[in-house]
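J.: Quick one: the structure is below, and I'll ask about it shortly.
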Amino acid sequence: GYLSPYFINKPDTGIVELENPYILMADKKISNVRELLPLLESVAKSSKPLLIISEDLEGEALATLVVNSMRGIVKVAAVKAPGFGDRRKAMLQDISILTSGSVISEELAMELEKATLEDL
């Protein structure tokens, strides 16, 4: 499920609905908003929604996403990646194949701060 009830944009049904979103997949815990800022700015300029699938998202990063979503700056939702351990990484790879995106993985020397819209 989603990481915050504030991402709900269909309150009558309690669901989050995003139309043709960018999908950020990361195999790490995201807690520092500075990692997301360059990407968030690019997404905001594009006016497309953003779905974040990561190991976890917490602290100031989650708070910033909630505030930006509530203010209508960026339409965003965040969910925990399915599975655990190596199985989680494999499932993220499967999702990336289905969505034609990339998994931002530190194991592959990829940094979230340097991710671009082309990686989503």
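J.: Given charges of +1 on the Cβ of Lys and Arg and -1 on the Cβ of Asp and Glu, with all other atoms neutral, how large is the dipole of the chain about its Cα centre, in debye to the nearest 20?
T.: Values: 13 positive and 18 negative charges, 59 e Å.
Dipole about the Cα centre, nearest 20: 280 debye.
J.: Same structure again: Please give the helix 85-99 orientation as an angle from the longest Cα principal axis of the chain, in degrees from 0 to 90, rounded to the nearest 10.
T.: The angle comes out at about 70 degrees.
J.: Right, here's the next one. Scan around residue 58 for amide H atoms under 5 Å from its own, H built in the peptide plane at 1.01 Å from N, and keep only partners 5 or more places away or cross-chain.
T.: Sorted by chain and number, the residues that satisfy this are 30, 31.
J.: Shifting gears a bit: Among 21-34, 105-118, how do they line up by average Cβ neighbours within 10 Å per residue, starting with the highest?
T.: Working: 21-34: 18.3, 105-118: 12.4.
The peptides rank, most packed first, as 21-34, 105-118.
J.: Rounded to the nearest 500 deg cm²/dmol, what is the calculated helix-only ellipticity per residue at 222 nm for the chain, with -39500 (n - 2.57) per DSSP H run of length n ≥ 4? Before the final figure, lay out the partial values.
T.: Numbers: 3 runs with 41 residues, N = 120.
Value at 222 nm, helices only: -11000 deg cm²/dmol.
J.: Step through the residues of segment 11-28 one at a time and calculate ³J(HN,Hα) from phi using the Karplus curve (6.51 cos²θ - 1.76 cosθ + 1.60, θ = phi - 60°), rounding each to whole Hz and writing x for Gly and Pro.
T.: Working through the residues one at a time gives x, 5, 10, x, 10, 10, 10, 10, 9, 6, x, 6, 10, 9, 10, 9, 8, 9 Hz.
J.: Which pairs break 22 Å Cα to Cα here: 28/80; 45/89; 45/75; 28/48; 10/45; 10/114?
T.: On the way: 28/80 10 Å; 45/89 30 Å; 45/75 12 Å; 28/48 24 Å; 10/45 24 Å; 10/114 33 Å.
Violating the 22 Å Cα-Cα cut-off are 45/89; 28/48; 10/45; 10/114.
J.: Within segment 5-113, what percent of beta bridges assigned by DSSP are antiparallel, to the nearest 5? List each step's numbers first, then the result.
T.: Numbers: 1 of 15 bridges.
Rounded to the nearest five, the antiparallel share is 5 percent.
J.: In addition: Please list, in chain and number order, the residues 5+ apart from residue 104 or on another chain whose amide H is under 5 Å from its amide H, with Hs placed from the backbone.
T.: 25, 26, 27
J.: Quick one: 3J(HN,Hα) in Hz for segment 113-120, Karplus 6.51/-1.76/1.60 with θ = phi - 60°, rounded, Gly and Pro as x.
T.: Per-residue couplings from phi come out as 4, 9, 5, 10, 4, 5, 7, 8 Hz.
J.: Could you work out the percent of alpha carbon pairs in the chain separated by over 19 Å, rounded to a whole number? If you can, show how the numbers build up before the last one.
T.: Values: 2987 of 7140 pairs.
Beyond 19 Å sits 42 percent of the P(r) for the chain.
Readers should treat all values here as calculations from the given coordinates under stated rules, not as data from a laboratory. Every value quoted in this text rests on a predicted model; they were computed, and no experiment measured them. Here the Cβ is made from the backbone with ideal geometry for all residues, glycine too, and neighbour counts use every protein chain on show.
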